[in-house]
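To start, the structure itself, in structure tokens.
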Amino acid sequence: MPRELPTIYRWVTRDVLGAPPILSQGYLDELKLSGVIFGGGDLERRYRVEAARPGDRVCYLNLDHRTVPIWLWVDKVMFTKFGVRVPFSDFQQRLLNRASVAPSQLHPNAWSAIQYFKLVTEYLELPQDLEVFLYLFTFFFPNTEGKTKKGYMSVRPGKYRKIFSLYEDSFQDFKGRFFKIFPVGEHRPFWLSLEGQGRFLPYWSRDNDMDYVPVTYKGLNADQKDTADLFVKLFSEWNLKPKTRLSNPSEAREAIVGMVGNEVTLERLRRLIRPGPSRSMPSISFPAPGTSMPPTDPQPVSASSTPAFPEGGDSSNPRLRKRPADDASADHKRPQAEWASLRAATIMKSIEPRLTAADQWEGRCVKLNGDLKALNLQRVEAEKEKLAAEQAKIKAESDLKSLSRKLEALGKERDQKAERRKDREAELGREIKDLQNLVSDEKARADKAEASLAESEKDREELVRMAEDSVVATERALKAQISLLLPDFDVS
């Protein structure tokens, strides 16, 4: 980690700073072509994906362009598990802006709740209201390193408002699977408005303390209260499981709409939170004690569901024998318990086929659940194998890059040695040539000195000879003078 990072990112938790990127560029290109990130179409040409550098972390800022966010950090799990697509929906962007949080700073369980809330409101044709979501859920930082440290932001349900369960009790394999999204050319990215202002934070921030006023039930308007009550009344009992539903949106739509009797829109679903008779069972009214039953049923029953009796009535029960026509007034005197028994028998006979069909459907559901669990196990194993293959591929690529760098360094070192040897050989050649020139000069000077010495020796011999001749001549002259002066003197 560079030296300045402890100062710049001192507020980030250790688990975030200790998670290096593991996604390769080749894998991200394949993921883009599969349509998981952008959903296909023209958007794939407007954006590009780029793998993070080995030293990057998901919380790093763009220090080269602090004012204009030219890329967006995202996590792979957002797209592969929860079905999020680029660009984000208006509800998702407004929620990120309200929470002052970057998409990559949200914990996967938070994205699960956001996406499931979005899908349920779409399936039931309910308004995707930001205030309702913030009433049902609360943002928080689940870290144990103190208030000054911040990591991933998650959500938890409000008190007595648990409508969704967690996608995973403990996410362990999502860290390190982050990458960048860049706009291509002059295309304006979806996280910027027409005025160039950010719609939400593209990078992590330490100032997302959720200082807005908490959303309370009293602060909701009438439609928002009905929507919130509908979520709490319907789903707090069943506690929907995002992991089961988000894996198959088509089945999730059928199941969720089936929970509310195949009714959609807030206007039609208000009956579930308003007092009144239920539509699932017919309404039965009985007279007050001491009064007679009215001659007509409060709710008509079809002929197929009415129990048939013999023409003369049931002989085993005197009360159910056929009465004479002139005794019609006795209908008003029939006891309340008899009418209730008859009505209960009619209703039970009419719902028996439904109970049988329900038992059959329950058996099919149990079988389908078993098949689904088996498929989930197979998918988990396939994901593990894929992850192992991906990690092996990443390791092989890393080893190959390391080997390439070593070979490149050895090649450079070899070239440098060859260059130094060549320079040394050239230098030695120059030194040898200089020595040869010096030897030639010294030899010439020696030859010249030798010639000069020979000439000096010759001159010396000539001088010696001349001196000897001069001495001989002087001696002769001296003897001649002595002979002239002293004839008797023997000069020999």
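Any read-out appearing in this document is the output of simple, stated calculations on the displayed coordinates, not a laboratory observation. Treat the numbers as computed from the prediction; the structure is a model and nothing was measured. Don't worry about glycine lacking a Cβ; one is built from the backbone with ideal geometry, like all the others, and counts go over all protein chains shown.
In order along the range 379-388, phi translates into HN-Hα couplings of 5, 4, 4, 5, 5, 5, 4, 5, 5, 4 Hz, rounded to whole numbers, per the Karplus curve 6.51 cos²θ - 1.76 cosθ + 1.60 with θ = phi - 60° and x for Gly and Pro.
Among the aspartates and glutamates, select those whose C-alpha is under 13 Å from the C-alpha of residue 175, and discard any that sit fewer than 8 residues away in the same chain. By straight Cα distance, residue 175 reaches 15, 56, 75. Peptides 131-139, 190-198 ranked from most to least packed give 131-139, 190-198, packing being the mean of other C-beta atoms within 10 angstrom over each peptide's residues. Put simply, the amide H of residue 48, placed in the peptide plane, has neighbours under 5 Å in 182, 184, leaving out anything fewer than 5 places away on its chain. Other residues within the sphere of radius under 12 Å centred on the Cβ of residue 79, judged by their own Cβ, net out at +4 (K and R +1, D and E -1). In plain terms, if you count all Cα to Cα distances in the range 1-158 and split them into 10 Å steps from zero, the share in each step is 9, 34, 37, 18, 2, 0 percent. Listed by chain and number, the lysines whose alpha-carbon sits under 23 Å from that of residue 433, ignoring those within fewer than 8 places in the same chain, are 422, 443, 448.
For the range 395-451, take the convex hull of the Cα atoms, compute a quarter of its surface area, and give me that in nm², please.
Values: hull surface 13.7 nm².
The number I arrive at for the range 395-451 is 3.4 nm².
Length gained on full extension, residue 8 to residue 452, computed as 0.36 nm times the residue gap minus the Cα-Cα distance: 151.2 nm.
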